[in-house]
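The values are calculated or read from the model by the stated rules, or taken from the named source; none is laboratory data. This one's a predicted model, so the numbers in the text were calculated from it and none came from an experiment. So basically every Cβ, Gly included, is an ideal-geometry build from the backbone, and we count neighbours across all protein chains shown. Surface accessibility is based on the protein's heavy atoms, side chains included, excluding ligands, DNA and RNA. Shrake-Rupley method; radii C 1.70, N 1.55, O 1.52, S 1.80 Å.
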Amino acid sequence: MLRYTLLRIASIVPTLAIVLVLAFTMVHAAPGGPFEDPRAVSPEVKARLEAQYGLDRPYHEQLLRYTRGVLVGDFGPSYRYPQSRVSELMRAGLSVSFALGSIAFIIGLSLGVVLGVAAALRQNRWSDHLLMAVSMLGISVPAFVVAPVLVLVFAITLSWFPVGGMQGTGAFVLPVIALALPLMAYVARIIRASLLDVLKSQFIRTARAQGLSTWTVVVRYAMKPALIPLVSYLGPAIAGVLTGSVVIEQVFNLPGCGRLFVQGALNRDYTLIMGLVIVYSTLVITLNLLADIAYGWLDPRVRYR
């Protein structure tokens, strides 16, 4: 397990290198540029700006220059906000995005596990069918549809929560609900199917034959193997929460990295886009590594080679 963990940590470096090169290439290959608007600058001013930021240099020189900056934690200046560094903008946005994503992930994961266990223990009853119908609805309806509906009902019609922005303590309630619903639905279905399979195992029948209560059997013996498929899903789940937060932050006008990413793409702010891609990729890769380690801990039969 230690050898596998060290190899996975070592593989992060080439993976991030590929992400950096691909992001740099795709951003610079996109039509337009940060200084393409003829109403904003004249051709002479545009040429001076491109020379100032090194955009007039060959591709490989720009890539090497940017890579050297990333290695020391410097993502360069923002083309849209020249008075700010990209790291400063991301630091302010990450605090909001991290809080929103963490709360939504914890709530979605916790409620999904509880609902999945409840549905499995009441298999084929009306409560099981109701929970699975709600889960299917949460999977089928995307977050960018749920978010405006929540705003219309709970913010505009009922006036329970603010429409958007960082207004009071209830500013995160509707964004968290919109972001956590799909995760909760997927987790509930995974836990239900996995737990039903585990409850049919021989060791569960042996535990029940010893006179143990259903709660003791589920918590002490069935939950650990039932969590294995969920751990495998956590990597894509985290990526889904991160990508979903981009849309949610835009809908609710939250000052997070999602809004920065959309604005950076519209303004061709190369350094801002690439900085966000690298930071998000590093976060997803690291969390996937932790999920793999947890998989090995939950199932001792796994032998990584």
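Tell me which of these residue 88 doesn't satisfy, since it passes every other one: (1) closer than 19 Å to residue 264 by Cα; (2) touching a residue at least 40 places away in the same chain (Cβ under 8 Å); (3) of a type outside the set (Phe, Trp, Tyr).
Unmet for residue 88, out of (1) closer than 19 Å to residue 264 by Cα; (2) touching a residue at least 40 places away in the same chain (Cβ under 8 Å); (3) of a type outside the set (Phe, Trp, Tyr): (2).
Identify the single condition in (1) open to solvent by less than 80 Å² (accessible area, probe 1.4 Å); (2) under 25 Å from the mean Cα position of the chain (by Cα); (3) not aromatic (Phe, Trp, Tyr) that residue 136 does not satisfy, given that it satisfies every other one.
(1)
Hey, residue 194 hits all of (1) open to solvent by 20 Å² or more (accessible area, probe 1.4 Å); (2) closer than 19 Å to residue 119 by Cβ; (3) of a type in the set (Ser, Thr, Tyr) but one; which does it fall short on?
Condition not satisfied by residue 194: (1).
Within region 61-85, how many residues turn out to be part of a loop (DSSP other than H, G, I, E, B) and touching a Lys or Arg at 6+ places or on another chain (Cβ under 8 Å)? So that I can check it myself, show each step before the final result.
As a first pass, look at region 61-85 and keep what is part of a loop (DSSP other than H, G, I, E, B): 72-76, 78-84.
If we keep only those that are touching a Lys or Arg at 6+ places or on another chain (Cβ under 8 Å) as well, we get 74-76, 78-79.
Of the residues in region 61-85, 5 are part of a loop (DSSP other than H, G, I, E, B) and touching a Lys or Arg at 6+ places or on another chain (Cβ under 8 Å).
Quick one: how many residues across region 72-97 are open to solvent by 30 Å² or more (accessible area, probe 1.4 Å), under 21 Å from the mean Cα position of the chain (by Cα) and closer than 19 Å to residue 50 by Cβ?
0
What single numbered condition from (1) surrounded by 16 or more Cβ atoms within 10 Å (Cβ to Cβ); (2) more than 30 Å from residue 54 (Cα to Cα); (3) at pLDDT below 80 fails to hold for residue 305?
With (1) surrounded by 16 or more Cβ atoms within 10 Å (Cβ to Cβ); (2) more than 30 Å from residue 54 (Cα to Cα); (3) at pLDDT below 80 applied to residue 305, the lone miss is (1).
Matching residues to (1) open to solvent by 80 Å² or more (accessible area, probe 1.4 Å); (2) in contact (Cβ under 8 Å) with a residue 24 or more places away in the chain; (3) more than 19 Å from residue 235 (Cα to Cα):
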position	(1), (2), (3)
127	no, no, yes
150	no, yes, yes
156	yes, no, yes
174	no, yes, yes
187	no, yes, no
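Within region 247-263, track down each residue that is open to solvent by less than 60 Å² (accessible area, probe 1.4 Å) and not in a helix (DSSP H, G or I).
Within region 247-263, 252, 254, 255, 256 meet the criteria.
When you scan region 129-246 for helices (runs of 4 or more DSSP H) that lie fully inside it, which ones turn up with 2 or more residues that are farther than 23 Å from residue 290 by Cα? Can you show your working first?
Working: elements: 143-150, 173-198, 202-209, 223-226.
Answer list for region 129-246: 143-150, 173-198, 202-209.
Is it the case, given these coordinates, that residue 69 is surrounded by 12 or more Cβ atoms within 10 Å (Cβ to Cβ), of a type in the set (Gly, Ala, Ser) and free of Cβ contacts under 8 Å to residues at least 24 places away in the same chain? If you could, list the steps in order and put the result at the bottom.
Working: surrounded by 12 or more Cβ atoms within 10 Å (Cβ to Cβ): yes; of a type in the set (Gly, Ala, Ser): yes; free of Cβ contacts under 8 Å to residues at least 24 places away in the same chain: yes.
In short, yes.
Does residue 93 satisfy the condition of being closer than 30 Å to residue 218 by Cα and in contact (Cβ under 8 Å) with a residue 24 or more places away in the chain?
Details: closer than 30 Å to residue 218 by Cα: no; in contact (Cβ under 8 Å) with a residue 24 or more places away in the chain: yes.
No: the conditions fail for residue 93.
If residue 216 meets every condition in (1) open to solvent by less than 70 Å² (accessible area, probe 1.4 Å); (2) modelled with pLDDT of 80 or more; (3) within 29 Å of residue 138 (Cβ to Cβ) apart from one, which number is that one?
Failed condition: (3).
Residues are listed down the side, and each one gets a yes or a no for (1) farther than 20 Å from residue 104 by Cα; (2) out of contact with any Pro (no Cβ under 6 Å at 6 or more places or on another chain); (3) modelled with pLDDT of 80 or more:
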{"position": "208", "(1), (2), (3)": "yes, yes, yes"}
{"position": "230", "(1), (2), (3)": "no, yes, yes"}
{"position": "236", "(1), (2), (3)": "no, yes, no"}
{"position": "240", "(1), (2), (3)": "no, yes, no"}
{"position": "244", "(1), (2), (3)": "no, yes, no"}
{"position": "247", "(1), (2), (3)": "no, yes, no"}
{"position": "270", "(1), (2), (3)": "yes, yes, yes"}
{"position": "273", "(1), (2), (3)": "yes, yes, yes"}
{"position": "277", "(1), (2), (3)": "yes, yes, yes"}
